[in-house]
Amino acid sequence: MAQVSMTVNGKAASGEVEGRTLLSSFLRDELMLTGTHVGCDTSQCGACVVHVDGQAVKSCTMLAVEAEGAEVATIEGQANADGSLNVIQQAFQDHHGLQCGFCTPGMVMSAAALLKDNPKPSETEVREYLEGNICRCTGYHNIVKAIMAASGQDVSAIAAE
Amino acid sequence: MYNFDVVRPSRIADAVKELSDSTESQPLGGGQTLIPTLKQRLASPEKLVSVAGIDEMQGVCKGDDGSVCIGGATTHATVAAEAGNYPALAATASHIGDPAVRNRGTIGGSLANNDPSACYPAAALASGATIKTNTREIAADDYFQGMFTTALDEGEIITEVRFPVPEKANYQKFVQPASRFALVGVFVAKYADGVRVAITGASNDGVFRWTEAEAALSSNFSADAIDGLSLSGDDMISDLHGTGDYRAHLCGVMTKRAVAAAV
Amino acid sequence: MPKDGGIGASSKRREDIRFLTGEGNYTDDINLRGQAYVHFLRSDIAHGTIKSIDTAAAAGMPGVVRVFTGTDFEGVGTIPCGWQVTDRHGEVMQEPAHPILAQGKVRHVGEPVAAVVADSPEQARDAAEAIVLDIDELPAVVDMKDALKDGATKVHDDLNNNLCYDWGFVEENKDAVTKAFEDAAHVTSLELVNNRLVANPMEPRVAVGDYARGTDESTLYTTSQNPHVIRLLMGAFVLGIPEHKLRVVAPDVGGGFGTKIFHYQEEAFCTFAAKACNRPVKWTSSRSEAFISDAHGRDHVTKIELALDADNNFTALRTETHANMGAYLSTFAPSVPTWLHGTLMAGNYKTPLIYVNVKAVFTNTVPVDAYRGAGRPEATFQLERVVDKAARELGVDPIALRRQNFITEFPYATPVAVEYDTGDYHGTMDKLEEMGDFSGFAARRAESEKNGKLRGLGVNCYIEACGIAPSNLVGQLGARAGLYESATVRVNATGGLVVMTGSHSHGQGHETSFAQVVAEMIGIDENMIEIVHGDTANTPMGMGTYGSRSIAVGGSAMVRATEKIINKAKKIASHLLEASEADIELKDGAFSVAGTDKSVAWGDVTLAAYVPHNYPLEDIEPGLEETAFYDPSNFTYPSGAYACEVEVDPDTGKVTIERFAAADDFGNIINPMIVTGQVHGGIAQGIGQALLENCAYDDNGQLLSASYMDYAMPRADDLPMFSVDHSSQTPCTHNPLGVKGCGEAGAIGSPPAVVNAVVDALQSAGKDVTHVDMPLSPDRVWAAMNG
């Protein structure tokens, strides 16, 4: 067992982990931050995406000890300080960018990483960026629309209520 | 996963020492292939030696001979962003896996694993890259020795990969629709002394050079030069996603597209 | 102007807040004090006789609580099947026992053979690896037609053969159909495969069993679409726990698509083991495990023939289908290729004579059951493919051929036993033609050809049946359950309501849309209404959510219960207003006396119900809570027309979807935003089936597509934006909301449009290709072009 310490959503967090403990397990089982989900075991679905030192990573494919000393951001820390939804979260609700909600935390975290690097992505850029985030419910239409709307683009021409 | 210890040295020498302490230890790059493999319990190392914290294995720089030198622990995202001197290489890195995978996965990890469908082996082989380890330098032509097999010895770490910059190059990946690895990926690089063509995803022997295409393209660097050339599907991978013949066909198509797109 | 609340408003989903902030409560988020973890040792061979299972070493491993094998379940029931089909000779289907852990034989890769309960998941897995399993391998039965040959290896030694049933429908029509084919001016026939799929909700299945020794009560937390059904099946048929001692909770569930309807061994195991070990027992499926333990979908092999007269009128239809059941009968498996498939074969057309034959076959593969659409996609695909092929053979416009044969008068009794209450097939096709800009197709094709690509346009129609019902009919057809729904509406003293529904939301947004209905009925704000679902302890008996039944059946039950509430509230209001009950009107949350300005607010009435100081106690009871059960009198019949435009890269065979339009008729719509989202998701799954998804076994019964490395899930860059319309509305005539259901339409309507489009593209290049089996992956399309 090893001691691991990191900052999660701005707060110091530490715990005892095995070498094999995944960052996703540490977040879910040790810190009880169950918003980060695990949907596959081949590093493809992206439900587990969190930010480590500002970069999107798949927390199910990173060991907890590899995050020693890192700044980790999860879905639980995304809302505004007053608890209201942030711009991306609000756009997902406004444009019905989620159904069952299981892939949603990873989608929101990926979207945040995309918009940090590319503040006004095209539809194609959004779709390509989401290559590592699988959604089974929405057909992605409204996810793409929500992310473009969150970037301040006018999405009224994109079909659907 | 079976349990293991993780050490995180900050110098190459320390990493080498950690690896030599025990035969059941293994280097850990970004873990984007190794961790899923461990999850399936297909490997059981006692110790993982993370190279992510070794500064001397990080980053992209320009060599004295103009080559692009990439530290072995450099992520795909960093190569995509910083290997602008070799645009085809940066473009290749920018399409490996997905964004989150590119933020973790490393060039050293990819080349050490030598997955038969990975992108970097094609780039390294077509570029005639030099794989630098803690003990030696290995020419790409000697490095790749069949799927998941390389010239690396136990405990040897890829510290840097040096890519001579070609006049023109391009990588065309036709993705396997599920894994998004290359069903066939063709990297074409035109150097002053000839053209090199390396193909990943297709062969049962892993990445390989298509020498007939190289010869044809060296005398006439145009897509038409490939007309009439073909590879046999007999030794190609045949699976759910395509027969050997289909892959052989795609080798030609993707080679032509790479030549046409080469800049 | 769009409404901003109530029926017809695109109200934002209230459940989104918790999902977007990481505050959802999925089953894997539930951890009970002292819980242990189970790891299942699953067979890695498809068919074999178990010689021995040595668990001694495993039992001694660190952290191990107990190791279970099949012998621990000898006194326990087996997993029941919820539907019994009677075959064309009047015999009931062959129904093998389905043990919780393998008994004597293993019959598919992934079948659980032993289970280790330990303090941690890793310890459980470590110990499972230490179990020594000796299995004598037998030949695997994989191909359905081979399985039916004389002398074929039997999946179940105690059955006569591998034929579950041989179903004919309508058997009495058979000779007339034969005659019609003899008299036909033209016959089009087609053999095709409806590819096997894996549902793949993003949340893998999870079960947590708990047992309270002091009260002898068991609780199961599970990823289910229908917790009451699980309680009934598991309690009554497997573990022998009466319903008042068994609570089943399905909290937030991350998608279902059918595969979370069924009662699975892992649920029964965790419930059983929690009692046996006196500790909560948790199982969390990995994705790899899901591929070999979640029921698969589709997997039909069909020959379909269409007879036409000299004027191109459809005169008869005949099909022969082999439907894969897998190794055991999953909960509703027998109903899918029969009553959910044969009854839909008329489609949108007035074909007078239809005969459907289905042979259901046991194989050494994972059980197959309902997946989004369940039987209806299979019916639609074959019908719309053969109609398209007929149009091409006859040289007529595929849309015109369809229109010529459309059913136009309703109600319409089909020759396959169902009666469509409403529909307007020309209406949805008109809408589709407008949306699809078909007149611009030639120019778009020319543009594609300039870029070296082939462009194709495919169109199809669909009809489906939702809200499977009524109970007395489905009982005659073999259902071992009723198919009603129930709701309890509890009004609190201060006027807020709680609706407890037997429907279950796992992405459909019931918490929002159900509240809209009640808000509309009473005239109060949606936020005064809470929708509670998913827990047998606090909702009335329910049949859950599948078959697009929630709003049509569950919503109707809620309407009926709310009507009872309103009727009682009117009695109270009439007392308070000292007016005749007949004169009381409810509008905008207030009761008034017709023709006067006297009124009393909703909240004053509800308060009176609970503080009955001024109250007609001699006539009515205090309180305001009502329950209703609703058993529909018929299915509902959504319909529509879909169009797909593809580009095919002739060099690689890769197909890209360039445009996709869907014109649906769902009857009345409660929340257009949610309905559109349901269609989007359905289309994505339909395109996934058509182009990407392929659950494939090799000859030894090994699953080749056993992870996302080989099973291609549609991703964002595989799909375009969709053009979706549901303005064509012919309300259902027999339920109170006039609603039809929208959950499955997209998955039913889209695969034939895609395949029709690809065939159109290939034929435009002069290729003699009349069909390509799904998925139309690049290698298959390339092979078809170069075959």
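The values are calculated or read from the model by the stated rules, or taken from the named source; none is laboratory data. Predicted model, so just to flag it, every value in this text is computed and none were measured. We place every Cβ from the backbone using ideal geometry, glycine too, and count neighbours over all the protein chains shown.
Just so you know, in the range A:75-102 the residues that are within 8 Å of chain C (Cβ to nearest Cβ), surrounded by 24 or more Cβ atoms within 10 Å (Cβ to Cβ) and not hydrophobic (A, V, I, L, M, F, W, C) include one that is farthest from A:Thr34 (Cα to Cα), and it is A:His96. If the condition is being facing another protein chain (nearest Cβ under 7 Å), assigned to a loop (DSSP other than H, G, I, E, B) and surrounded by fewer than 24 Cβ atoms within 10 Å (Cβ to Cβ), then the range A:34-66 contributes A:Thr34, A:Asp41, A:Thr42. Filtered by the rule that a residue be at the interface with chain A (Cβ under 10 Å from one of its Cβ atoms) and touching a Phe, Trp or Tyr at 6+ places or on another chain (Cβ under 8 Å), the range C:650-703 gives C:Phe660, C:Ala661, C:Val675, C:Val679, C:His680, C:Ile683, C:Ala684, C:Gln685, C:Ile687. The criterion of at least 2 residues that are on the phi > 0 side of the Ramachandran plot and surrounded by fewer than 21 Cβ atoms within 10 Å (Cβ to Cβ) is met by none of the strands (runs of 3 or more DSSP E) falling completely within the range C:56-149. Residues that are assigned to a strand (DSSP E or B), within 31 Å of the chain's Cα centre (by Cα), buried (at least 21 other Cβ atoms within 10 Å of the Cβ) and not β-branched (Val, Ile, Thr) within the range C:27-55 comprise C:Tyr37, C:His39, C:Phe40, C:Leu41, listed in sequence order. Of the residues making up the range C:434-490, those that are within 30 Å of C:Leu401 (Cβ to Cβ), of a type in the set (S, T, N, Q) and surrounded by 16 or more Cβ atoms within 10 Å (Cβ to Cβ) are C:Ser448, C:Asn460. Annotation for the range B:44-63: at least one member residue is free of Cβ contacts under 8 Å to residues at least 60 places away in the same chain, more than 10 Å from chain A (Cβ to nearest Cβ) and at positive phi. Against the condition more than 18 Å from B:His95 (Cα to Cα), out of contact with any Pro (no Cβ under 9 Å at 6 or more places or on another chain), touching a residue at least 24 places away in the same chain (Cβ under 8 Å) and buried (at least 24 other Cβ atoms within 10 Å of the Cβ), how does A:Pro105 come out, does it pass? Considered against the rule, which asks whether it is more than 18 Å from B:His95 (Cα to Cα), out of contact with any Pro (no Cβ under 9 Å at 6 or more places or on another chain), touching a residue at least 24 places away in the same chain (Cβ under 8 Å) and buried (at least 24 other Cβ atoms within 10 Å of the Cβ), A:Pro105 comes out as yes. When each of B:Phe187, B:Phe181 is tested for being in contact with a Ser or Thr (Cβ under 8 Å, 6 or more places away or on another chain), of a type outside the set (Ser, Thr, Tyr) and buried (at least 22 other Cβ atoms within 10 Å of the Cβ), the lone residue that passes is B:Phe187.
Considering only the range C:535-634, give the strands (runs of 3 or more DSSP E) lying wholly within it that have at least 3 residues that are touching a residue at least 40 places away in the same chain (Cβ under 8 Å). Per the criteria, C:625-630. Pairs are defined by a Cβ separation below 7 Å, a sequence spacing of at least 6 or placement on different chains, a first member in the range B:236-263 that is facing another protein chain (nearest Cβ under 9 Å), and a second member that is among the acidic types (Asp, Glu); the pairs so defined are B:Leu240/C:Asp710; B:His241/C:Asp779; B:Gly242/C:Asp779; B:Thr243/C:Asp779; B:Tyr246/C:Asp779; B:Val253/C:Asp651. Of the numbered conditions (1) within 14 Å of chain A (Cβ to nearest Cβ); (2) surrounded by fewer than 23 Cβ atoms within 10 Å (Cβ to Cβ), C:Leu232 fails exactly one; give the number of that condition. Among (1) within 14 Å of chain A (Cβ to nearest Cβ); (2) surrounded by fewer than 23 Cβ atoms within 10 Å (Cβ to Cβ), the lone unmet condition for C:Leu232 is (1).
Residues checked against (1) in contact with a Pro (Cβ under 8 Å, 6 or more places away or on another chain); (2) closer than 20 Å to C:Asp136 by Cα:
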| site | (1), (2) |
| --- | --- |
| C:Glu74 | no, no |
| C:Thr78 | yes, no |
| C:Cys81 | yes, no |
| C:Val109 | no, yes |
| C:Val117 | no, no |
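The numbered conditions (1) in a helix (DSSP H, G or I); (2) surrounded by fewer than 20 Cβ atoms within 10 Å (Cβ to Cβ) are all true for B:Ala213 except (2). One residue stands out among those in the range B:193-210 that are touching a Lys or Arg at 6+ places or on another chain (Cβ under 7 Å) and part of a strand (DSSP E or B): the one that is farthest from C:Asp779 (Cα to Cα), which is B:Arg196.
Scanning the range A:125-153 for residues that are polar (S, T, N, Q), under 19 Å from C:Tyr708 (Cα atoms) and either free of Cβ contacts under 8 Å to residues at least 40 places away in the same chain or assigned by TED's automatic domain parsing to the domain that holds A:Gly46 (or both) yields a count of 0. Within the range C:9-35, residues that are at the interface with chain A (Cβ under 8 Å from one of its Cβ atoms) sit with their Cβ atoms under 6 Å from residues that are among the small types (Gly, Ala, Ser), at 6+ positions apart or across chains, in these pairs: C:Arg13/C:Gly509; C:Arg18/C:Gly24; C:Phe19/A:Gly101; C:Thr21/A:Ala79; C:Gly22/A:Gly35; C:Gly24/A:Gly101; C:Tyr26/C:Gly254. Within the bounds of the range B:124-133, is there any residue that is over 23 Å from B:Gly84 (Cα atoms), more than 14 Å from every other protein chain (Cβ to nearest Cβ), modelled with pLDDT of 95 or more and over 13 Å from the mean Cα position of the chain (by Cα)? Yes. Only a single item in (1) outside any helix (DSSP H, G or I); (2) buried (at least 22 other Cβ atoms within 10 Å of the Cβ); (3) more than 14 Å from chain B (Cβ to nearest Cβ) is not met by A:Ile143, and it is number (1). Candidates are the residues of the range C:635-667 that are charged (D, E, K, R), closer than 29 Å to C:Ile399 by Cβ and part of a loop (DSSP other than H, G, I, E, B); the one that is farthest from the chain's Cα centre (by Cα) is C:Asp649. Answer yes or no as to whether C:Asp725 is within 14 Å of chain A (Cβ to nearest Cβ) and surrounded by fewer than 24 Cβ atoms within 10 Å (Cβ to Cβ). Here the answer is yes, as C:Asp725 does meet what is asked.
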